[in-house]
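Quick note: the coordinates plus some simple rules give every number you see, no bench work behind them. What you see is a predicted model, and the numbers here were worked out from it, not measured in a lab. Please note: Cβ atoms are built from the backbone with ideal geometry, for glycine as well, and neighbour counts cover all protein chains shown.
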Amino acid sequence: MSAGTVDRLLRADLRGFAGYRSARSEGLDGSIWLNANESPWPAPADPGGQCRRYPEPQPAALRAAMASLHGVRSGQVLLGRGSDEGIDLLLRAFCAPGRGAVVVAPPVFGMYAVCARLHGARVVEVPLQDGVAGFAARLDAIGDAALATQASLVFLCSPGNPTGEAIAVADIAALAGRLRGRAMVAVDEAYAEFGAQPSAAGLLRSHDNIAVLRTLSKAHALAALRVGCVLSGEDVVEALRRCQAPYPLPQPCVAAALAGLSPAALARTAARVATVRGERARMHERLAGLPGVRRAYPSQGNFLLVRFADADAALQRLLAAGVVVRDMRAFPQLADALRISIGTPEQNDAVLAALATPATEAA
C-alpha cells in the first residue's frame, strides 16, 4: 500500500505510534540472554528448556512458509491467532474507536460485528441477496454503503460462512478500486481451499487497500493451534504488527504449524480437500432429495447450508443419532436453516440416515 493511502486510512492517532517493542524484537545476538526476565532454568515439565524463552514475535520460518503457500512475500504476511486476531487488528488499525464504521453482509461470520461492537464501531449491514443460484453479496450496494457512511473497513467472506457462496476476484478488485483511499477491503478466505477460484491475494500487487485473511484451521486440520495470517501490503502489515500483542504464537504451535506445511503434509491436505469436495457434491444431491428439505444451497466451503420444513425436528433427529450440526435459525434470513459440515463418508452417511428417518420413528 502506498504511504499516501496508509496515511489516509490508518487511524490518525496511530500514525506515529510505535507499539510495544518486546525484548525478543530487538534483534540482538549473544550467548547469555538476560534481557527478558526469563527463567534461567527449565521448568520441571519442560526438561529440554524449549519453553522457558519467549517465542519470536513473527517466526521467520513460519512467515516464509505461509508466504510461499499463498504466493506473496514474507513481508506481506502477519502471523496471528487464527484469522480472528486479524479481524480484530484490522479494526484496531483502521477504525477509530467509538466513531468509525464497518460494512458487513449478513448472514455472515459473526466475529466481524462482534469485534466492531467491542471496538465501539458502527456496524453497517448490507444483507446478502438470496436468489436462484444461492446467496450473493451485493457489491455495488456495499460500495454505496461504505461511501455513504464513511466506513473505513469492509468485510467480505469468500467463500461465505454460513452461506457457501464465492465472490469473483474481478468483482473484489472492482470494489477495492472504487474504495481506494476511502476504505480497506478485508477478504476472509478461511474456506478458500475448498473453492474453485483463485485467492484475492493475487490482487495485492495492483490494489493497495486489500487485506486477505487466511487460516490453518480448516483445510489444514490445525484448528487447535490457532494459527492464521493477514496478507496485505508490507506497510499495512507493519501497521497491524504495531497493534498486536508482543508474542502471539506459542513456540509449540509454530513447530506444529511448520510440520503441517511440509510437502508431505500439504499433499495429504490436498487429498483431504479433494475428498471433501466429492462428499460435498454427493451430500448436496442427496440432501436436496430428502423429504422435508426445502433447499440445500450450493457451497464452495466444507459445509452445506440447508433449509428444512421443520428445522427443529431435523435438528432433534440428528442429535438423537449423535450428530451435532450448527443451528443457524437465529441468523438473519435463516430461520429454517442448519449448517452441516462435511465429514468423512461414514459420518455423512449417518447424517443422511438420521434425516431420512421419519419423525415418528425417531421419536
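Taking amide H as placed 1.01 Å from N in the peptide plane, the amide H of C157 sits under 5 Å from that of D188, each at least 5 places away or on another chain.
Cβ-to-Cβ counts within 10 Å put F303, F17, F94 in ascending order as F17, F303, F94, the fewest first.
Entry note, the chain: relative contact order of 17 percent, from Cα contacts under 8 Å with a spacing of 6+ residues. Shown here: region 20-136, whose C-alpha atoms stretch 63, 34, 30 Å along the first, second and third principal axes, sorted largest to smallest.
Listed from fewest to most Cβ neighbours within 10 Å, the set D171, D46 follows the order D46, D171. Counting every pair of alpha carbons in region 12-83, the share spaced more than 16 Å apart comes to 66 percent.
Database remark: amide H of A121 closer than 5 angstrom to the amide H of G98 (H placed geometrically; neighbours at sequence offset of 5 or more, or on other chains; Pro and chain starts carry no H). Cα extents for region 265-362 along the principal axes, largest to smallest and rounded to whole angstrom: 44, 30, 21. Computed over region 113-212, the alpha-carbon pair-distance distribution with 5 angstrom bins reads 2, 12, 24, 25, 21, 12, 3, 0, each value a whole percent.
Residues S262, S83, S199, S74 in ascending order of nearby Cβ atoms (within 10 Å, fewest first): S262, S74, S199, S83. Rounded to the nearest whole Hz, the Karplus-based 3J(HN,Hα) values (6.51 cos²θ - 1.76 cosθ + 1.60, θ = phi - 60°) of region 261-278 follow the sequence 10, 5, x, 5, 5, 5, 5, 5, 4, 4, 5, 5, 4, 4, 5, 4, 4, x, with x at glycine and proline. If only the Cβ of Lys and Arg carry +1 and only the Cβ of Asp and Glu carry -1, the dipole of the chain around its Cα centre is close to 340 debye. Counted over the chain with a bin width of 20 Å, the fraction of Cα pairs per bin, in whole percents, is 28, 53, 19, 1.
Rounded to the nearest 500, the helix-only mean residue ellipticity at 222 nm of the chain stands at -11000 deg cm²/dmol, with each DSSP H run of n ≥ 4 adding -39,500 (n - 2.57). Karplus-derived 3J(HN,Hα) values for region 286-300, using 6.51 cos²θ - 1.76 cosθ + 1.60 with θ = phi - 60°, are 5, 5, 4, x, 7, x, x, 8, 7, 6, 10, 7, x, 8, 9 Hz; glycine and proline are entered as x.
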